[in-house]
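What follows is a short report on a single structure.
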Amino acid sequence: MDALALSVKKRARNKLARYLPYPKQWEFHRNGAEAKERLLMAGNRIGKTHSAAHELAMHLTGRYPEWWTGRRFDHPIVAWTGAETNELSRKVTQKQLLGTEGSSSKDPAFGAGAIPGNAIIQVLNRQAGVRDVVDTIRVRHESGGFSVVHLKTYEQGRKTWQGASVHVVWLDEEPPEDVYFEAVTRTMDVNGIIFMTFTPLLGMSAVVKRFLQPSDVGVRRAVTSMTIDDCVGGKWEADTPWAGMTWVGHFTREEADHTIATYAEHERETRAYGVPMMGEGRIYPIRDTAIACDPFDIPRHYARIAGIDFGYNDPCAIVWVAWDRDADIVYVYDAYRRKEETPTYHIQTLHSKDPDHDIPVSWPHDGLKRDARSGRPMWRQFRNEQVPMLPFSARYEDDVGGSQPKEPIVLELLERMKTGRFKVFRHLGIWFEEFRVYHRKDGRIYDRQGDDLMQATEYAVMMLRKARVSMRGRPVRRSRYTRPIVGGAPA
């Protein structure tokens, strides 16, 4: 074998060393540093299984790349994988890990999967009525010794998921509820982790609700939503190891649009965008493509307003809105969401987006509460730092303050979406991520988790009448929203 052929073969047998995630895959990996339970909820053919297989290979081998910020194991581990059937375990999980649906080391593709070929010590099959179904893979760990991964299926039943202590569990495709809870239990006494990758074809199942409607105090969970649009390519965000660099996906825009069109209409949102088929109903049952638009420079005559939803443990979220008064079209042109940061950090972001301080900011009634850290109302902290906060909290009528009912603004936004009078810049993935899973529970709007940008949007549109045309480039005058307030706080 010549030197070139040998080099190609070695590269093929070490895909792990060349693995680079897409932004959403990187977010999924990064969440593992804190979350014991994770879900990568995505559409079909998007790369969810590919990313999970490579993470598992890192844990099995101890070979973590320089950019890795997720969970690490400095010792050999015991891992389980889960698939629906033996056939799918062989065709999907096994092929992703080993590079082949077979199990023989003589297979030319053996070792060309996520687990490097030179790290595979032994592969054991099981008698499953399906040829070449792998049961166990032993993998050499960098620290010495070897890791073990057992490939299991849901059809084997709950009892086969009992009894052992496991460091890592990867479930590909949604498991039955009893299997999931058994898998979680296996990780508890060794501080292990569990992650899932699936398209939510079962709708708002108990497993999906566990992530979208979290209620267990102290349990660390994270869900990452990944759509076909997240595989088209773009620029990395500033808080990533590849800030400012361009990445290329495995779809072009045209290929993505063609793929979306091939799905049946009733499954399109789920298969392309990873949206659960909501049994109780999405609040905005509108397709992304119906409201998405390409970014453009906002004309100076458009009125602008921002909306903020305060938070610390829950994210602080801000959206910036432009209003074409002539056509009565509202555009969400920017969005920001950050948790566990001080008001100073959020204020800096607002100033960077609005250096002239002339975009008024709409805020909720709970902004009147005193912040536990500073002892001052949240809205006043922002206003004292020259953020043009509106002089009173978001409301439908200027003289009727306090907490506002949600249904009127939801109906207004829905009507705008249906009539083409509400648009969102296409690149705002974090906004669409919340939009897809904003839903009702027991007939009521569920606003407990993961709706921060939706609420910020509602506050902005609720106060659209206070939107102002930018003064940039015109004679400077002080904004009326940053003048000192005499007397008490607004109602």
>> Students often forget the sequence filter, so: which aspartates and glutamates lie under 18 Å Cα-Cα from Lys95 once same-chain residues fewer than 8 apart are removed?
In response: Glu55, Glu84, Glu87, Asp107, Asp132, Asp135, Asp172, Glu173
> In sequence order, what are the phi-derived ³J(HN,Hα) couplings for region 59-75 according to the Karplus relation 6.51 cos²θ - 1.76 cosθ + 1.60 with θ = phi - 60°, rounded to whole Hz, with x for glycine and proline?
Replying inline: 5, 5, 9, x, 9, 9, x, 4, 7, 5, 10, x, 5, 10, 10, 9, 8
> Looking at the square roots a ≥ b ≥ c of the eigenvalues of the Cα gyration tensor of region 329-406, which shape do they give, rounded for a/c under 1.5, prolate if a/b is larger than b/c, or oblate?
Replying inline: oblate
>> How would region 127-185 be classified by its alpha-carbon gyration tensor: rounded, prolate or oblate, with rounded meaning a/c under 1.5 and the a/b versus b/c comparison settling the rest?
In response: oblate
> Which ³J(HN,Hα) values in Hz, rounded to whole numbers, follow from the phi angles of region 312-319 under the Karplus curve 6.51 cos²θ - 1.76 cosθ + 1.60, where θ = phi - 60° and Gly and Pro get x?
Replying inline: 9, 5, 7, x, 7, 10, 9, 10
> Which entries in the list Lys209/Lys466; Lys15/Lys339; Lys15/Lys423; Lys369/Lys418; Lys209/Lys353; Lys15/Lys36 go over 31 Å, if you measure between the two C-alpha atoms of each?
Replying inline: Lys209/Lys466; Lys15/Lys339; Lys15/Lys423; Lys369/Lys418; Lys209/Lys353
>> I need the shape label for region 13-227. Rule: rounded when a/c is under 1.5, else prolate if a/b > b/c, else oblate, with a, b, c from the alpha carbon gyration tensor.
In response: rounded
> Distance in nm between label sites at Asn384 and Tyr312, each 7 Å beyond Cα in the beta-carbon direction?
Replying inline: 1.5
>> Could you work out the relative contact order of region 13-227? I mean the mean sequence separation of Cα pairs under 8 Å and 6+ apart, divided by the number of residues, in percent.
In response: 29
> How big, in percent, is the set of alpha carbon pairs in region 280-469 lying more than 28 Å apart?
Replying inline: 20
> Suppose R0 equals 25 Å; then what is the FRET efficiency for Gln122 and Ser165 from their Cβ-Cβ distance, rounded to the nearest 0.05?
Replying inline: 0.70
> Assuming a viscosity of 0.692 mPa s and a temperature of 37 °C, what translational diffusion coefficient in µm² per second does Stokes-Einstein assign to the chain, Rh being the Kirkwood radius over Cα pairs?
Replying inline: 133
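Every read-out reported here was derived from the displayed coordinates using simple, explicitly stated rules and does not represent laboratory data. All values derive from a computational prediction rather than experimental measurement. Using ideal geometry, Cβ is built from the backbone for each residue, glycine included, and neighbour counts are taken over all protein chains shown.
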